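Accompanying notes for the structure given below.
The values are calculated or read from the model by the stated rules, or taken from the named source; none is laboratory data. Note that the structure is a prediction, hence the values are computed from the model and not measured. Backbone-built Cβ (ideal geometry, glycine too); neighbour counts: all protein chains shown.
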Amino acid sequence: MTITDMTALQLAEAIRSGQTTAVEAAEAMLASIEAKEKKYNCYVTVDAQGALAQAKDVQARIEAGELTGALAGVPVAIKDNMCTAGLLTTCSSRILHNFVPAYTAEAVLNLQKAGAVILGKTNMDEFAMGSTTETSAYGVTRNPWNAEHVPGGSSGGSAAAVAAGECSCALGSDTGGSIRQPASYCGTVGMKPTYGTVSRYGLIAYGSSLDQIGPLARDVADCAALLTVIASHDEKDSTSIAREDTDFTAALRDDVKGMRIGIPNDYFGDGLDGEVKDAVLAAAKALEKKGAIVEHFDLSLVEYAIPAYYTIAAAEASSNLERFDGIKYGYRTKEYAGLHNMYKKSRSEGFGAEVKRRIMLGSFVLSSGYYDAYYLKALRVKALIKQAFDDAFAKYDVILGPVAPTTAPRLGESLADPIKMYLGDIYTIAVNLAGLPAISLPCGRDRKGLPIGLQLIGDCFQEKKLIQAAYTYEQARGAFPTPAEEVA
Amino acid sequence: MANIISDETIEYVGILAKLELSGEEREQAKSDMGRMLDYIDKLGELDTTGVEPMSHVFPVQNVFREDVVTNGDEREALLANAPEQKDGMFVVPKTFA
């Protein structure tokens, strides 16, 4: 098996046992990037020199017995909205075209401490606002299963890089489905942890009450290993939670006997593609065969999650993105008349259309006279949605459903109608409003050969139940092909 | 479309958002925002009387720490990102006439 075909855990084991080295692993990935990037454009920045220097250092420390972790020596990719000291961090926006952070995001630092080697920064929708990676200022990323289709978004670069074998695993961020949906479109495993599990320090904020960093990986075991490394309590993030038990790999058990799984009827209504529906329900059957107790139920309020989400996310975005003003970092317009004109012109020239749309909406719903009617109303609906999940988790360990209504759309088909694009987030978005953990993993392919994702949602802090259910399903399903095996 | 966004409103939102829109962008923004608000108005179907707005899913309190400096001097690295700097300071356009 070649390095680019191995899972992250297999590769780390091969490095530990001396079959290969961290340097060879980095070289192999860089060669794969070199060969495939022209076609897929997964990365905004590839740091070949830096990766090789890190790999040499990591290899020496592995040989010295200092680095013994499960991911030591593994080459990883980081979504370009996480700060990396000394390495360009653009958020796929023109406004940060030259931004080189002075510090590194805590989650990335945790990875580096564990001996992972950072290959570069992956493409995304600008400021994580989008579902296709087409709003990037640095070109679209293409889906490795079919280059005429989108990889999903906003963590599309990370998901595509994992699928294409341009990294062993990657970090993404999920505000409304931005890890799970691209994972689903690219046939990879992606997880959004419980809010507060992974530090947001150094993650360029979009919707702070919703944002969470998480893993994208080739299988459930890699996903669990990656989450174990990045989860930490961090004083620098005031919403970070001190969790007791963060060894998520302990949950990699092939057993769901007696596990109660609920399937929301409201996730299988109009708009869901028939092939997606069949694949997801077949996955539920597979878990039932393994001993899970599967029931259908009404979750309720599902259609209110999207309007509540876009109100809250836009409000937070309008506030968070005020910092981009052409003073301390990033793009400044060339000609201007006075301070305010400079702010306005720099921002108008630096931000893309989708980002401006959400800043405008957010400014409006927070403005005096509309704050109660829109913003507070959305926060009240959020409380109701959380309650609906609390009621569901009184009866079930895990909620099972699709990740997205369809498989990956073709490039260029989504952006023309924003509301239609937002509707594609219907199954992922409520999870962020309620702060819940959820995992996406492949459960089949459609007629065109594009991957279909299965979503498992857990109650707060119940990642282990999700990982156990996902791992059990994965064992029942068997190996999922890679695009390299399937696509000529 | 139930929500008609006036020129005055879009002008006002532009000031709040610190965005300057071209004529074409303005018309697009008016129609986009109107459509989004029509969609968001769906929330009005729900009776939320007596429901407290939930800003945070966990009952978090303010998180305090001792007021001591833990980071080092990063002035050079931070200033290096500034579009314009001088004598260890950010240069901004004249703010007083």
Seminar exercise, completed: Expected single match for closer than 30 Å to residue A:344 by Cβ and aromatic (Phe, Trp, Tyr) among A:267, A:309 is A:309
Exercise. From the list A:326, A:362, which one is touching a Lys or Arg at 6+ places or on another chain (Cβ under 6 Å) and either surrounded by 24 or more Cβ atoms within 10 Å (Cβ to Cβ) or within 22 Å of residue B:96 (Cα to Cα) (or both)?
Worked result: A:326
Seminar exercise, completed: Flagged in the range B:1-44 as surrounded by 15 or more Cβ atoms within 10 Å (Cβ to Cβ) and among the hydroxyl-bearing types (Ser, Thr, Tyr), in numbering order, are B:9, B:39
For this session: Check off (1) over 12 Å from the mean Cα position of the chain (by Cα); (2) under 30 Å from residue A:332 (Cα atoms); (3) assigned to a loop (DSSP other than H, G, I, E, B) for residue A:121 and give me the number that stays unchecked.
Result: (3)
Seminar exercise, completed: Across (1) under 17 Å from residue A:434 (Cα atoms); (2) within 11 Å of chain B (Cβ to nearest Cβ), residue A:324 clears everything bar (1)
Problem set entry | Residue among B:88, B:72, B:23, B:34 that alone is more than 9 Å from chain A (Cβ to nearest Cβ), in contact with a Lys or Arg (Cβ under 7 Å, 6 or more places away or on another chain) and not hydroxyl-bearing (Ser, Thr, Tyr) | B:88
Seminar exercise, completed: Scanning the range A:86-111 residue by residue, those in a loop (DSSP other than H, G, I, E, B), in contact with a Gly (Cβ under 6 Å, 6 or more places away or on another chain) and either surrounded by 24 or more Cβ atoms within 10 Å (Cβ to Cβ) or modelled with pLDDT under 95 (or both) turn out to be A:105
Problem set entry | Among (1) of a type in the set (D, E, K, R); (2) closer than 25 Å to residue A:393 by Cα; (3) part of a loop (DSSP other than H, G, I, E, B), the one test that residue A:266 misses | (3)
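Please find, within the range A:46-85, the residue that is farthest from residue A:172 (Cα to Cα) out of those that are hydrophobic (A, V, I, L, M, F, W, C) and assigned to a loop (DSSP other than H, G, I, E, B).
Applying the first criterion (hydrophobic (A, V, I, L, M, F, W, C)) to the range A:46-85 yields A:46, A:48, A:51-53, A:55, A:58, A:60, A:62, A:64, A:67, A:70-72, A:74, A:76-78, A:82-83, A:85.
From the residues that got through so far, the ones that are assigned to a loop (DSSP other than H, G, I, E, B) too are A:64, A:67, A:70-72, A:74, A:83, A:85.
Details: A:64: 31, A:67: 24, A:70: 20, A:71: 17, A:72: 20, A:74: 17, A:83: 12, A:85: 18 Å.
Among those that are hydrophobic (A, V, I, L, M, F, W, C) and assigned to a loop (DSSP other than H, G, I, E, B), it is A:64.
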For this session: Would you check which residues across the range A:269-278 are outside any loop (DSSP other than H, G, I, E, B) and surrounded by fewer than 22 Cβ atoms within 10 Å (Cβ to Cβ) and list them?
Result: A:274, A:275, A:277, A:278
Exercise. Is it fair to say residue A:388 is in contact with an Asp or Glu (Cβ under 7 Å, 6 or more places away or on another chain), modelled with pLDDT of 95 or more and within 12 Å of another protein chain (Cβ to nearest Cβ)?
Worked result: no
Exercise. Out of the range A:311-321, which residues are more than 7 Å from chain B (Cβ to nearest Cβ) and either under 21 Å from the mean Cα position of the chain (by Cα) or crowded, with 24+ Cβ neighbours inside 10 Å (or both)?
Worked result: A:312, A:313, A:314, A:315, A:316, A:317, A:320, A:321
Problem set entry | Tally of residues being more than 30 Å from residue A:437 (Cα to Cα) and among the hydrophobic types (A, V, I, L, M, F, W, C) across the range B:10-65 | 9
Problem set entry | Checking residue A:202 against (1) out of contact with any Ser or Thr (no Cβ under 7 Å at 6 or more places or on another chain); (2) within 14 Å of chain B (Cβ to nearest Cβ), the condition it does not meet | (1)
Exercise. Just for helices (runs of 4 or more DSSP H) wholly inside the range A:401-488: which have at least 1 residues that are at pLDDT 95 or above and surrounded by fewer than 18 Cβ atoms within 10 Å (Cβ to Cβ)?
Worked result: A:463-477
Exercise. Does residue A:343 meet the test of being under 30 Å from residue B:94 (Cβ atoms), in contact with a Lys or Arg (Cβ under 9 Å, 6 or more places away or on another chain) and modelled with pLDDT of 95 or more?
Worked result: yes
Exercise. Only one of these conditions is not met by residue B:82: (1) more than 24 Å from residue A:313 (Cα to Cα); (2) at the interface with chain A (Cβ under 9 Å from one of its Cβ atoms); (3) surrounded by fewer than 16 Cβ atoms within 10 Å (Cβ to Cβ); (4) under 22 Å from the mean Cα position of the chain (by Cα). Which number is it?
Worked result: (3)
Seminar exercise, completed: Restricting attention to the range B:46-75, the residues that are hydroxyl-bearing (Ser, Thr, Tyr) and more than 30 Å from residue A:431 (Cβ to Cβ) number exactly 1
Seminar exercise, completed: Checking A:347, A:332 in turn, the sole residue that is surrounded by 18 or more Cβ atoms within 10 Å (Cβ to Cβ), in contact with a helix residue (DSSP H, G or I) (Cβ under 6 Å, 6 or more places away or on another chain), charged (D, E, K, R) and at the interface with chain B (Cβ under 9 Å from one of its Cβ atoms) turns out to be A:332
Exercise. Do we find that residue A:246 is outside any helix (DSSP H, G or I) and closer than 29 Å to residue B:90 by Cα in this structure?
Worked result: no
For this session: Assess whether residue A:287 counts as being at pLDDT 95 or above and away from chain B (no Cβ under 14 Å).
Result: yes
For this session: Output the residue which, of all residues in the range B:37-69 that are more than 21 Å from residue A:242 (Cα to Cα) and of a type in the set (S, T, N, Q), is farthest from the other protein chains (Cβ to nearest Cβ).
Result: B:49
Exercise. Given the residues A:132, A:90, which is the only one that is under 16 Å from the mean Cα position of the chain (by Cα), closer than 19 Å to residue A:178 by Cβ and among the β-branched types (Val, Ile, Thr)?
Worked result: A:132
